[in-house]
Amino acid sequence: QALAARIDRLIDRLERAPDAPVRVLLVEPNGHAAQLFGDGLRSEARRLFGDGHPLSVVVAADGAAALEALRTELFDLAVIELRTPELDGEALTQRVRHEVDPGLPIIMTARAEDGGERQLALRAGADAFLPKPVQLRTLINSIRLLLG
């Protein structure tokens with residue numbers, strides 16, 4: 001099932017117009033931070049890439065909503081906060097890898113409190129870890145690296 005989802009996502013990506021927006025799922029429980037982060041991400045993407053490569057950001061406030069969105073919508077990348085309600089970022093990433101799309105690029109974020117967050121994120125299956133507060137340029141550069 002996960003492999004079929006990955007194949008479907010790749011086929012859909014190939015069939016989309018070249019100017020189709022890059023779709024990012026942002027999993028952030030703090031609504032105010034999510035709005036600021038999403039707005040900043042879109043603005044920084046326009047500044048770096050121009051209007052020809054738009055970025056679409058969909059926000060999920062918790063892991064359960066994020067999992068549902070990932071099952072029903074196509075995303076090019078997910079940015080997941082490690083500490084989310086309902087289903088934490090570690091469990092969400094593991095479920096995405098096993099049940100939804102093993103190839104979806106995932107960037108996990110968290111406040112680095114004891115230094116173990118990076119290892120936890122990478123063991124769960126994240127492709128990258130960014131400690132909070134995340135600099136927008138760092139996130140955009142990470143997205144560029146992961147999406148090629």
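Every read-out reported here was derived from the displayed coordinates using simple, explicitly stated rules and does not represent laboratory data. What you see is a predicted model, and the numbers here were worked out from it, not measured in a lab. Note: ideal-geometry Cβ built from the backbone for every residue, glycine included; neighbour counts use all protein chains shown.
The table that follows gives values for the structure above.
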{"item": "Relative contact order (%) - segment 103-148, alpha-carbon pairs under 8 angstrom, separation at least six", "result": "40"}
{"item": "Student exercise, segment 99-148 dipole from Lys, Arg, Asp, Glu Cβ charges, in Debye to nearest 20", "result": "260"}
{"item": "Rounded to the nearest 20 debye, dipole of segment 62-131 from Cβ charges on Lys, Arg, Asp, Glu", "result": "200"}
